[in-house]
Amino acid sequence: MGQEITTSQLRKWLLAYAARIIENEAHLTKLDTAIGDADHGVNMRRGMSKLKERLKEEKQSEDVSSFLRSVAMTLISGIGGAAGPLYGTFFLRAATSPTNGSSIDLVQLTQMFRYGLDGLQQRGKAQADDKTMIDTMQPAVEAMEAALAAHQSPAVILAAARQAAHLGMKHTIEIEARKGRASYLGPHSIGHQDPGATSAYFLFETAAEVFTKTGAG
């Protein structure tokens, strides 16, 4: 996959993600009020506001790994609750994936997501069907890997990730929480969409929008 995604495009993606989170603060809060501590929306909005400030400090020579590490540190310090360390871990581990200096291709983007997912699972000990952000991220990454293996176009790869992430997010409505604050509710957590899975969906939704629009698809 020769399509190039530069650090400038990664910056546009995360600015779009930050805007989507801020726009949906009330929605995330409503979801978390039902099965959590009612703070996911405000915590994510606070973290995204700090991330936006960081992303305005564009460094033309910044390589992908350094950029992702900086994003990770900003999220760890900026997002409260459990989400900060988790999103921070995702980007910190993503930063260790193979990159080519100041740009990556779709293969490397997929590897970046895989590294981030693996890091999340090692840190949070969550698996699919635990009703967490993993239920969004794992199917999305697996969809990207399958589309790559089938030699699909970048646009199809990104769309597959978005669709799988959306289905995973919606699947959390049907299952009982086995991790986090929601697990205390047992069967009463069924019927509610997980807020972490929802904020994770926006990560793939905005990636599909931005990278397709900017020429990676």
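Among GLY36, GLY81, GLY116, which one shows the highest mean-square fluctuation when the chain is modelled as a Gaussian network with alpha-carbon springs under 10 Å? Comparing GLY36, GLY81, GLY116 in a Gaussian network model of the chain, the most mobile one is GLY81. Amide H contacts of ALA38 (H built 1.01 Å from N, in plane; Pro and chain starts excluded): THR33 sit under 5 Å, all sequence-distant by 5 or more or on other chains. Remark: the chain carries a charge dipole of roughly 420 debye about the Cα centre, counting +1 on each Lys and Arg Cβ and -1 on each Asp and Glu Cβ. For the residues ASN100, ASN24, ASN43, a GNM of the chain with alpha-carbon springs under 10 Å puts the largest fluctuation on ASN100. Centre-to-centre, using Cα atoms only, segment 132-197 and segment 3-43 are separated by 16 Å. Database remark: amide H of SER103 closer than 5 angstrom to the amide H of VAL64 (H placed geometrically; neighbours at sequence offset of 5 or more, or on other chains; Pro and chain starts carry no H).
Over 25 Å between Cα atoms: which of LYS125/LYS170; LYS56/LYS170; LYS30/LYS50; LYS30/LYS170; LYS12/LYS50 fall into that group? Over 25 Å Cα-Cα: LYS56/LYS170.
GLY78 sits among other residues whose Cβ lies under 13 Å from its own Cβ, and their net charge, with Lys and Arg +1 and Asp and Glu -1, is +4. A simple spin-label model places pseudo-atoms 7 Å from Cα toward Cβ; at ASP37 and ILE190 they are separated by 2.8 nm.
Across the chain, the mean sequence separation of Cα contacts (distance under 8 Å, 6 or more residues apart), normalised by length, yields a relative contact order of 23 percent.
Each value in this text was obtained by applying a stated rule to the coordinates, not by laboratory testing. All values derive from a computational prediction rather than experimental measurement. Here Cβ is always computed from backbone atoms with ideal geometry, including for glycine, and neighbour counts include all displayed protein chains.
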